[in-house]
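Data first, discussion second: the structure below is written as structure tokens.
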Amino acid sequence: MSDPVVLLDDLRDESDELDRLVADLSEEEWAAPTPAPGWTVAHQIAHLAWTDRAALLAATDAEAFAAETRKALAAPERFVDEGTEESAGLPPAKLLAHWRTGRARLQEALRAAPPGTRFPWYGPPMSAPAMATARLMETWAHGQDVADALGVVRVPTARLRHVAWIGHRARDYAFLVRGLPLPEGPVRVEITGPGGEPWGYGPEDAADRVTGPALDFCLLVTQRVHRADTALTAHGTDADRWLDIAQAFAGPAGEGREKGEARRDGVPDPYGVLDPDPYGDLERPAPPGPDPYRDPERPAPPGPDPYGKPEEA
């Protein structure tokens, strides 16, 4: 498990990078459609702001958050979209200020939390590091939607290691949520970070493996790219099955992107993902220490926790 301070610094940096991408957009660009059906650039930022507010309530006002939870339970299929719509129609400057204020306050609350503190959430309670990592995953994924809408190719960073770890931990959940039989054995993920560094997750002696660029793995597990548009390679039947359905978030099974959708309209491909795997099979011990990651967008569905037992963090 990463140092909580490092996690929070990475969350801050991920948010700041997206902030720089949208800060000077025109009103027309704020209204540009993103790959999420019905959502504009403004919707993506409004959604992040709404979820940051929910996380802040959980960290600072348990009673107020309980009231929000009751609203979610009353309208589980609508409450995320309704929360987003509340601020998506704001003038861009006000929406941007709203997002900035909320995420700054969340940073303060999480940094001030004593070690071992757990906050209520829509699923099992979350530790501060778990909440920070989940927020980073969501910020990166929704930032990818914004970048795709604007035709921008983002430079991948080492912060992807957090997204990759969540994606690996959620492997079994991808099968459970679709009512499919679980794989019989573990899977080893061996991917190469943007600086050429090897990242490894899962037992080194696992029979099944996934190899390729870390960027591709993160895009796939957040369902921001079709498997056919990646350079990922599955070694083993269960690994192959998993890559077809992988998702790093809780909730219903996602539909994902269509083939060719993620890198379209002449946007350059910085890693040659349509070519054979340029990195090969590299190994690194998995990061130590479990921590249950929860998707901060929607209530957890009935059944097992997709990211591990809540008492482990």
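So the values come out like this:
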| quantity | calculated |
| --- | --- |
| When residues of segment 163-186 are limited to those that are of a type in the set (Val, Ile, Thr) and open to solvent by less than 10 Å² (accessible area, probe 1.4 Å), the one nearest to Ala36 (Cα to Cα) | Val163 |
| Residue ID - surrounded by the most Cβ atoms within 10 Å (Cβ to Cβ), chosen from residues in segment 23-45 that are out of contact with any strand residue (DSSP E or B) (no Cβ under 9 Å at 6 or more places or on another chain) and under 18 Å from Gly83 (Cα atoms) | Ile45 |
| Leu160 being aliphatic (A, V, I, L, M), over 15 Å from Leu220 (Cα atoms) and either buried (at least 17 other Cβ atoms within 10 Å of the Cβ) or at pLDDT 95 or above (or both) | no |
| Answer from Arg178, Arg169 - the residue that is basic (Lys, Arg), under 18 Å from Arg159 (Cα atoms) and modelled with pLDDT under 95 | Arg169 |
| Those residues of segment 230-251 which are open to solvent by less than 20 Å² (accessible area, probe 1.4 Å) and either part of a helix (DSSP H, G or I) or of a type in the set (Asp, Glu) (or both), in sequence order | Ala239, Trp242, Leu243 |
| Residue satisfying condition, being touching a helix residue (DSSP H, G or I) at 6+ places or on another chain (Cβ under 6 Å), open to solvent by less than 10 Å² (accessible area, probe 1.4 Å) and at pLDDT below 50, within set Val225, Val210, Val221, Val273 | Val273 |
| Qualifying residue in segment 5-22 (condition: more than 19 Å from the chain's Cα centre (by Cα), of a type in the set (Gly, Ala, Ser) and either surrounded by 17 or more Cβ atoms within 10 Å (Cβ to Cβ) or part of a loop (DSSP other than H, G, I, E, B) (or both)) | no |
| Given (1) over 21 Å from the mean Cα position of the chain (by Cα); (2) open to solvent by 20 Å² or more (accessible area, probe 1.4 Å), number of the condition Ala75 does not satisfy | (2) |
| Answer from Val163, Val152 - the residue that is among the aliphatic types (A, V, I, L, M) and in contact with a Cys (Cβ under 8 Å, 6 or more places away or on another chain) | Val163 |
| Selection from segment 167-208 of residues that are aliphatic (A, V, I, L, M) and in contact with a strand residue (DSSP E or B) (Cβ under 7 Å, 6 or more places away or on another chain) | Val187, Val189, Ile191, Ala206 |
| Every pair of residues 6+ apart whose Cβ atoms lie under 8 Å, when the first sits in segment 58-70 and is over 16 Å from Met131 (Cα atoms) while the second is of a type outside the set (D, E, K, R) | Ala64/Leu57; Ala66/Pro120; Glu68/Ala54; Glu68/Leu57; Thr69/Pro120; Thr69/Tyr122; Thr69/Pro299 |
| Sole exception among (1) under 26 Å from Ala46 (Cα atoms); (2) within 19 Å of the chain's Cα centre (by Cα) for Gly151, by number | (2) |
| Condition check for Val189: without any contact (Cβ under 8 Å) to a residue 40 or more places away in the chain and either among the β-branched types (Val, Ile, Thr) or open to solvent by less than 10 Å² (accessible area, probe 1.4 Å) (or both) | yes |
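Conditions (1) under 16 Å from the mean Cα position of the chain (by Cα); (2) touching a residue at least 24 places away in the same chain (Cβ under 8 Å), marked per residue:
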{"site": "Trp50", "(1), (2)": "yes, yes"}
{"site": "Ala93", "(1), (2)": "no, no"}
{"site": "Gln107", "(1), (2)": "no, yes"}
{"site": "Arg111", "(1), (2)": "no, yes"}
{"site": "Ala130", "(1), (2)": "yes, yes"}
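The values are calculated or read from the model by the stated rules, or taken from the named source; none is laboratory data. Note that the coordinates shown come from a computational prediction; the quantities given were computed from them, not determined experimentally. Counting neighbours? That spans all protein chains shown, and the Cβs are built from the backbone with ideal geometry, glycine included. With ligands, DNA and RNA removed, areas are computed over all heavy atoms of the protein, side chains included. Shrake-Rupley method; radii C 1.70, N 1.55, O 1.52, S 1.80 Å.
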